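These notes concern the structure reproduced below.
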Amino acid sequence: MNYNLHYHKKMTEIFTVAKGEFYFILGDKEYKFHEDDTAIVPPMVVHGFKPNLPDSRLQFIFTNTDDRESFFTSLAKIVNGETVLSENELEAFYNSHDQYSIKRENV
């Protein structure tokens, strides 16, 4: 599983590990987060995460965003195959929700 590295131009994200463990990349560093650990990620900071243990859970809080709920509603349709997008359409979808992907080898 990869980190899906990305950044936001306006949004700040707050992540708290509710259960289990996660690996996070924040900027150029990798961290291992345990239950109740929290990361605050301001705009323009490249970040990504992946679970380290099965059944791990993460709580998200978003600030300075207009409608993050519609992002996740649409993303669920994409992941479940209800909506099919080309690679360019997918990138435009993410960008329209203030999410800009970063491509790094072996991450």
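Among [x] 2, 11, 20, 24, 21, 13, 6, 1, 0, 0; [y] 2, 11, 20, 23, 22, 16, 4, 0; [z] 2, 11, 21, 20, 16, 12, 8, 5, 3, 1, 0, which one is P(r) over Cα pairs in 5 Å bins from 0, in percent computed from these coordinates?
It is the value labelled [y].
Name the residues whose placed amide hydrogens come within less than 5 Å of the amide hydrogen of T83, ignoring near sequence neighbours (fewer than 5 apart) on the same chain.
I78
Which whole-Hz ³J(HN,Hα) couplings does the stretch 85-93 yield from phi under the Karplus relation 6.51 cos²θ - 1.76 cosθ + 1.60, θ = phi - 60°, glycine and proline marked x?
Listing the rounded values in order: 10, 6, 4, 5, 5, 5, 4, 5, 4 Hz.
So between E89 and K50, what do we pick up on full extension, going 0.36 nm a residue minus the alpha carbon distance? Kindly include the intermediate steps, with their values, before the conclusion.
Details: separation 39, 0.36 × 39 = 14.04 nm, distance 2.43 nm.
Gain on extension, E89 to K50, equals 11.6 nm.
What are the residues whose amide H is under 5 Å from the amide H of L5, where those residues sit 5 or more places off or on another chain and H is modelled from the backbone?
For L5, the qualifying residues are I102.
For V45, what residues show an amide H to amide H distance below 5 Å, using hydrogens built from the backbone and excluding near sequence neighbours?
Those lying under 5 Å, H to H, from V45 are H8.
Can you give the calculated 222 nm mean residue ellipticity of the chain, where each DSSP H run of n ≥ 4 adds -39,500 (n - 2.57) and the sum is split over every residue, rounded to the nearest 500 deg cm²/dmol?
Working: 2 runs with 22 residues, N = 107.
-6000 deg cm²/dmol, from helical runs alone.
Note the full-extension length gain between I78 and D28 as 0.36 nm times their separation in residues minus their Cα-Cα distance, in nm to one decimal. Walk me through the intermediate numbers first.
Values: separation 50, 0.36 × 50 = 18.00 nm, distance 2.93 nm.
Extra length available between I78 and D28 comes to 15.1 nm.
No value in this document is a laboratory result; all are computed from the given coordinates. Please read all numbers here as calculations on a predicted model, not as lab measurements.
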